[in-house]
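Here it is, the structure in full.
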Amino acid sequence: MVDAAKIAKLRAKAMSTAYPEEAKAFERKAGDLMAEHGISEQAVQRALAAIFGGRANTPPSTTAGASASQPAESGSMVEAVIWLFEEEDNRAMRSRELWTLIEARGLYTSLGRTPWATVASKLATDPSFERVAPGLYRLRRSS
């Protein structure tokens, strides 16, 4: 039986591969299965959040009274990404994985139809981040 969790795993594979053609194939298969079995995007997003955001150190959703240890609701996306890299021990991540974590933890609101592309743009242009492999970024280490 196909459920949202299986589709989320396909999407997670698409986010983690270093091969664009493989990622497209996983995304295409996930879309086909969603259509075939009538599984909503929201259900898949919840399952992705469980995969990427279900760690014990997950912060509560940000509010106006957010603590200094997490980015404020009005903070920038860059602040949210920096905070996530720090929480994840600065492991290299792709923009889609980062966006999934940002959304799951309520650190920033959506930026349109492809918010992960906005994250990718910030990763590529902000000097706070370094590219460690094609599509993989982490915080730049201070010298």
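Before we move on, is Tyr108 at pLDDT 90 or above and either among the hydroxyl-bearing types (Ser, Thr, Tyr) or assigned by TED's automatic domain parsing to the domain that holds Arg46 (or both)? Outline the logic, then answer.
Values: at pLDDT 90 or above: no; either among the hydroxyl-bearing types (Ser, Thr, Tyr) or assigned by TED's automatic domain parsing to the domain that holds Arg46 (or both): yes.
Answer is no for this residue.
Got at least one residue in the range 71-87 being among the aliphatic types (A, V, I, L, M) and at pLDDT below 85? Show your work before the answer.
The initial filter retains those residues of the range 71-87 that are among the aliphatic types (A, V, I, L, M), namely 72, 77-78, 80-82, 84.
Filter again for at pLDDT below 85, leaving 72, 77.
The answer is yes, given that some residue of the range 71-87 is among the aliphatic types (A, V, I, L, M) and at pLDDT below 85.
Inside the range 85-143, can you point out the residues that are among the aliphatic types (A, V, I, L, M), within 14 Å of the chain's Cα centre (by Cα) and under 21 Å from Lys13 (Cβ atoms)? Even if it seems obvious, please write down each step before you answer.
Our first condition is that a residue be among the aliphatic types (A, V, I, L, M); within the range 85-143, this holds for 92-93, 98, 101-102, 104, 107, 111, 117, 119-120, 123-124, 132-133, 136, 139.
Those still in the list that are within 14 Å of the chain's Cα centre (by Cα) too: 92-93, 98, 101-102, 104, 107, 111, 117, 119-120, 123, 136.
Of everything in the range 85-143, those that are among the aliphatic types (A, V, I, L, M), within 14 Å of the chain's Cα centre (by Cα) and under 21 Å from Lys13 (Cβ atoms) turn out to be Ala92, Met93, Leu98, Leu101, Ile102, Ala104, Ala117, Val119, Ala120, Leu123, Leu136.
Next up: When Gly112 is evaluated against the numbered criteria (1) assigned to a helix (DSSP H, G or I); (2) on the phi > 0 side of the Ramachandran plot, which criterion, by number, is the only one it fails?
(1)
Please go through the range 88-105 and pick out each residue that is at pLDDT below 90 and among the small types (Gly, Ala, Ser).
If the condition is that a residue be at pLDDT below 90 and among the small types (Gly, Ala, Ser), then Ala104 is the only one that fits.
The values are calculated or read from the model by the stated rules, or taken from the named source; none is laboratory data. Model, not experiment: these values are computed from the prediction. No Cβ is skipped: glycine too gets one built from the backbone with ideal geometry, and neighbour counts run over all protein chains shown.
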